[in-house]
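The values are calculated or read from the model by the stated rules, or taken from the named source; none is laboratory data. No experiment lies behind these values; they were computed from the predicted model shown. In this analysis, Cβ positions are derived from the backbone assuming ideal geometry, glycine residues included, and neighbour counts consider all displayed protein chains.
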Amino acid sequence: MFDALGRRLLLQLPPEAAHKLSLRALSAGVVRANLPHDPRLVVKRSGLTFANPLGMAAGYDKNAEVPGALLGLGFGFAEIGTITPRAQPGNAAPRVFRLPEDGGVINRLGFNNEGHAAARQRLANRRKTPGVIGVNVGANKDSDDRVGDYVAGVETFAPLADYLTVNVSSPNTPGLRDLQAADALRELLSRVVAARDATQGVGSGRVPIFLKVAPDLDETEISAIAREALRADVDGLVVSNTTLQRTGLRSAARSEAGGLSGKPLFARSTAVLARMRKAVGPEMTLVGVGGVDSTETAAEKIRAGADLVQLYTGMIYLGSCLPSRIVRGLGQLAAREGLNSILDIRDSTVDRWAARPLAD
């Protein structure tokens, strides 16, 4: 009942005001889940142990204000950011638009955040709690050296993060997605991996690096990204960020500029995920993101090739109890199907999803 009332209140507010209020509520400890440990949901990938495969995607806790509280909602991991070296305000408001008839959101925030120093201080001061915390790093809009910004992010957060995500796939920073092209990506990955390797021994050792990619990729681009990721020996891929596609939307705000997330993204992001799994092979860690709002959509990401799954937009419409419902549901699925591990279902529908046309 509390969750339903809170959700109703937040949906009456403008999106960014609702977001700030939800951060304050989490910081105050208003909502917390008490999930029993389920060994069938434990995922061990990239040298990390996740209590369950469900994570909070980057974009919610941009400034590392509530990572521990997010884990308290039932998430097995939480990813903060995107964080840029210098603080920046992002794009002009209004810049977030709910699409209630479609279960989606369009945003053109533009990496609004308080910068490396503020987030680093919060992470350094936070009380240690069980769970995995990732840091998503990006480049300033006006940067003269975008690759250098990513290197700075790795150097700053490698001693504090359980893993790092290199985000080159936001559509809201002009030209950023150009870094997904093969030659640019090769330079970027070689430099961030070298920066990570130089930090080994400063903190807890080798920090995994994930690369976050867009859903608006064609077959050639998917193959090129997979090839460069394997060449650079990055630890994983996050598939995917928001989309520029607008096919089939009904909500009044459907034509707003920006990246679309939520339900309308599920099919395309899952098809790209499956293609990426087939391109990189079985060993690389893949994180499936886009349209996850239920146990079944989370499980389908895993069946399509994901080791881990993230959500964000689903909580806007379904509330802070959504993560615990999904995690409990995954445990029930594992029990019902007699699984030793939830990853026993991984890749079971990868061929079907990989064969799905990318054009909507």
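Test residue 169 against the stated conditions and say whether it is crowded, with 21+ Cβ neighbours inside 10 Å, out of contact with any Cys (no Cβ under 6 Å at 6 or more places or on another chain) and either at pLDDT below 95 or part of a loop (DSSP other than H, G, I, E, B) (or both). Here the answer is yes, as residue 169 does meet what is asked. Of the residues making up the stretch 300-310, those that are over 19 Å from residue 48 (Cβ atoms) and surrounded by 24 or more Cβ atoms within 10 Å (Cβ to Cβ) number 1. How many residues does the stretch 275-298 hold that are surrounded by 24 or more Cβ atoms within 10 Å (Cβ to Cβ) and out of contact with any Asp or Glu (no Cβ under 8 Å at 6 or more places or on another chain)? Selection size over the stretch 275-298: 7. List the pairs whose first member sits in the stretch 104-123 and is under 16 Å from residue 152 (Cα atoms) and among the acidic types (Asp, Glu), whose second member is surrounded by fewer than 21 Cβ atoms within 10 Å (Cβ to Cβ) and at pLDDT 95 or above, and whose Cβ atoms are under 8 Å apart, counting only residues at least 6 apart or on separate chains? So the pair list comes out as 114/63; 114/87.
I'd like the full set of residues that are out of contact with any Gly (no Cβ under 8 Å at 6 or more places or on another chain) and either within 22 Å of residue 7 (Cα to Cα) or not in a helix (DSSP H, G or I) (or both), limited to the stretch 99-127. Hits for the stretch 99-127 are 100, 101, 114, 115.
Taking the conditions exactly as written (closer than 16 Å to residue 302 by Cα and either touching a Pro at 6+ places or on another chain (Cβ under 6 Å) or modelled with pLDDT of 95 or more (or both)), does residue 54 satisfy them or not?
yes
Taking the criterion of being crowded, with 16+ Cβ neighbours inside 10 Å and outside any loop (DSSP other than H, G, I, E, B), the residues of the stretch 224-241 that qualify are 224, 225, 226, 228, 229, 232, 236, 237, 238, 239. Under the condition of being touching a Gly at 6+ places or on another chain (Cβ under 8 Å) and charged (D, E, K, R), which residue from the stretch 24-60 is nearest to residue 169 (Cα to Cα)? It comes out as 45. Taking each residue of the stretch 326-353 that is part of a loop (DSSP other than H, G, I, E, B) and looking for partners that are surrounded by 14 or more Cβ atoms within 10 Å (Cβ to Cβ) and not charged (D, E, K, R) with beta-carbon atoms closer than 6 Å, six or more apart or interchain, yields 346/302; 347/305; 349/304.
I'd like to check something: does the stretch 147-156 contain any residue that is assigned to a loop (DSSP other than H, G, I, E, B), out of contact with any helix residue (DSSP H, G or I) (no Cβ under 7 Å at 6 or more places or on another chain) and either in contact (Cβ under 8 Å) with a residue 12 or more places away in the chain or not acidic (Asp, Glu) (or both)? Show your work before the answer.
Of the residues in the stretch 147-156, the ones assigned to a loop (DSSP other than H, G, I, E, B) are none.
No, that holds for no residue.
Applying the set (1) among the small types (Gly, Ala, Ser); (2) crowded, with 21+ Cβ neighbours inside 10 Å; (3) modelled with pLDDT of 95 or more; (4) under 30 Å from residue 93 (Cβ atoms) to residue 252 leaves exactly one unmet item: (2).
Number of residues in the stretch 122-157 that are under 18 Å from the mean Cα position of the chain (by Cα), surrounded by 21 or more Cβ atoms within 10 Å (Cβ to Cβ) and either closer than 30 Å to residue 52 by Cβ or hydroxyl-bearing (Ser, Thr, Tyr) (or both): the value is 11. Scoring residue 108 on the criteria (1) over 19 Å from the mean Cα position of the chain (by Cα); (2) farther than 24 Å from residue 308 by Cα leaves a single failure, condition (1). The combined condition, being hydrophobic (A, V, I, L, M, F, W, C), touching an Asp or Glu at 6+ places or on another chain (Cβ under 8 Å), buried (at least 21 other Cβ atoms within 10 Å of the Cβ) and within 30 Å of residue 7 (Cβ to Cβ), is not fulfilled by residue 318.
Being out of contact with any Ser or Thr (no Cβ under 7 Å at 6 or more places or on another chain) and either on the phi > 0 side of the Ramachandran plot or surrounded by 21 or more Cβ atoms within 10 Å (Cβ to Cβ) (or both) is a property that holds for residue 164.
Sort out which residues of the stretch 98-115 are closer than 11 Å to residue 264 by Cα and of a type in the set (D, E, K, R), and write them in order of number. Selection gives 101, 102. Return a yes/no flag: does the stretch 196-205 have any residue that is buried (at least 20 other Cβ atoms within 10 Å of the Cβ) and more than 17 Å from the chain's Cα centre (by Cα). Taking every residue of the stretch 196-205 in turn, at least one turns out to be buried (at least 20 other Cβ atoms within 10 Å of the Cβ) and more than 17 Å from the chain's Cα centre (by Cα).
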